[in-house]
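Asks: Dumping the structure here so I can ask a few things about it.
Each reported figure results from applying straightforward, stated rules to the coordinates on display, with no laboratory input. Keep in mind that what you see is a predicted model, and the values were worked out from it rather than measured. Using ideal geometry, Cβ is built from the backbone for each residue, glycine included, and neighbour counts are taken over all protein chains shown.
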């Protein structure tokens with residue numbers, strides 16, 4: 001497979017893993033009754049729980065992207081981080097334009113955007129550190 005296609009797939013895979021895992025756990029939390037049916041009725045503690053597992057999945061996305069990158073794994077992780085930041089900012093805009101009354105506290109979408117860069121970076125660094133990394137952490 002061509003390196004350019006591998007590069008795109010590495011970033012897409014990291015993004016999809018992050019989004020799919022977050023969405024799946026959200027659905028499970030709602031289906032089991034841990035999260036109520038309406039975000040408006042969730043407590044701050046439940047939003048902290050959601051923010052926490054989303055951060056962990058974001059780390060996993062950064063790890064996967066760097067691991068799948070054909071070269072320059074941290075460069076690929078930075079691309080994923082930028083993509084996540086843009087998606088997070090879009091979530092903030094959506095919150096303030098559409099869903100302020102229905103979507104819970106304002107700090108939650110801000111936390112999702114704020115987590116993108118450090119969590120993806122950390123996942124990328126985890127992927128490139130340790131035995132057999134072949135100095136993959138260099139940009």
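Asks: Quote to one decimal, in nm, the extra length available between residue 12 and residue 71 on full extension: 0.36 nm per residue of separation minus the C-alpha distance between them.
Replies: 19.7 nm
Asks: In nm, give the distance between the simple-model label positions of residue 5 and residue 19, each being 7 Å from the Cα along the Cα-to-Cβ direction.
Replies: Here the answer is 2.2 nm between the modelled labels.
Asks: Let me ask something else about it. How would you order 5-13, 57-65 from highest to lowest mean count of nearby Cβ atoms within 10 Å?
Replies: In descending order of packing, they fall as 57-65, 5-13.
Asks: Using Cα atoms only, what is the angle between the long axis of helix 44-68 and the major principal axis of the chain, expressed in degrees (0 to 90) to the nearest 10?
Replies: Once rounded, the angle reads 20 degrees.
Asks: Residue 44 to residue 102: extension gain in nm, 0.36 nm per residue of separation minus the Cα-Cα distance?
Replies: 19.5 nm
Asks: Something else now. Can you tell me which of 93-99, 113-119, 46-52 comes out highest on packing, and rank the rest after it, using the mean Cβ neighbours within 10 Å?
Replies: Values: 93-99: 12.4, 113-119: 19.4, 46-52: 15.9.
My ranking of the peptides, most packed first, is 113-119, 46-52, 93-99.
Asks: Taking the Cα-to-Cβ direction at residue 90 and at residue 126 and moving 7 Å from each Cα, how far apart do the two end points lie in nm?
Replies: The modelled label-to-label distance comes out at 2.5 nm.
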